[in-house]
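Chemist: Structure incoming, see below.
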Ligand SMILES: CC(C)(COP(=O)(O)OP(=O)(O)OC[C@H]1O[C@@H](n2cnc3c(N)ncnc32)[C@H](O)[C@@H]1OP(=O)(O)O)[C@@H](O)C(=O)NCCC(=O)NCCS
């Protein structure tokens, strides 16, 4: 299994993995206006700097997707989003693998110190998946989704192998 940059041609497969609007909102919150979303909507989400959409492939087959983005000007914190596995392959370890590959990429290629993400409380498989790779709940919040109040958790993964900078000080986030 490998993680590679997202291609425009991956969009139809990834968007087909949310089978109803509720699942779509659990995945993407209110980031997309309409369900079902079109590939062009997905491309529009990923326009701009500091966004690194990735696709997990098993050989030629597209099996997972994740967005890595810097939430602010500093480069020591990255935020994961749009995490999803092929709906026919869930509960088989693919999500865990996707997270591990993304964590490895963020820590070892991008040199981040902290990874954050948000997850709805009503998404136990996602919550369990994130906890299983080392994310911890750091807070909770609520969001209005299609006129309903949804509880969400903020989660964080700390890269304890993060290198000190050349001054000898631990790198700081700039948020
Ligand atoms: C969230 C998601 C990526 C997890 O991927 P997955 O392949 O199903 O998860 P895995 O099989 O790798 O399981 C990871 C862990 O979660 C647990 N888990 C998975 N599904 C579970 C469920 N329905 N209930 C409880 N635990 C569950 C597994 O037991 C495993 O724990 P372990 O490592 O301690 O054994 C996947 O379910 C998904 O694509 N969901 C729809 C999109 C979505 O809502 N994304 C979240 C956006 S925040």
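The values are calculated or read from the model by the stated rules, or taken from the named source; none is laboratory data. Since the structure is predicted, the reported quantities are computational estimates derived from the model, not experimental observations. FYI the Cβ positions are ideal-geometry reconstructions off the backbone, even for glycines, and counts take in every protein chain you see.
Chemist: Search segment 120-159 for residues being assigned to a strand (DSSP E or B) and in contact with a helix residue (DSSP H, G or I) (Cβ under 6 Å, 6 or more places away or on another chain), and hand back the single one that is surrounded by the fewest Cβ atoms within 10 Å (Cβ to Cβ).
Modeler: Going through the qualifying residues, I end up with 145.
Chemist: Something else about it: Are any residues in segment 43-76 in a helix (DSSP H, G or I) and more than 14 Å from the chain's Cα centre (by Cα), and if so, which ones? So that I can check it myself, show each step before the final result.
Modeler: First, pick out the residues of segment 43-76 that are in a helix (DSSP H, G or I): 43-45.
Once the filter is applied, which keeps residues that are in a helix (DSSP H, G or I) and more than 14 Å from the chain's Cα centre (by Cα), segment 43-76 yields 43, 44.
Chemist: Can you spot a residue in segment 102-113 that is within 14 Å of the ligand (Cβ to nearest atom), free of Cβ contacts under 8 Å to residues at least 24 places away in the same chain and either outside any strand (DSSP E or B) or buried (at least 18 other Cβ atoms within 10 Å of the Cβ) (or both)?
Modeler: No, segment 102-113 has no match at all.
Chemist: Then there is this: Is it fair to say residue 44 is more than 25 Å from residue 13 (Cβ to Cβ), more than 13 Å from the ligand (Cβ to nearest atom) and surrounded by fewer than 18 Cβ atoms within 10 Å (Cβ to Cβ)?
Modeler: For residue 44, the condition - more than 25 Å from residue 13 (Cβ to Cβ), more than 13 Å from the ligand (Cβ to nearest atom) and surrounded by fewer than 18 Cβ atoms within 10 Å (Cβ to Cβ) - is not met.
Chemist: Which residue out of 98, 68, 117 is modelled with pLDDT of 95 or more, buried (at least 17 other Cβ atoms within 10 Å of the Cβ), within 17 Å of residue 158 (Cα to Cα) and within 7 Å of the ligand (Cβ to nearest atom)?
Modeler: 117
Chemist: Looking at segment 77-95, which of the residues that are near the ligand (Cβ under 6 Å from one of its atoms) and assigned to a strand (DSSP E or B) is nearest to residue 53 (Cα to Cα)?
Modeler: Applying the filter and picking the extreme gives 83.
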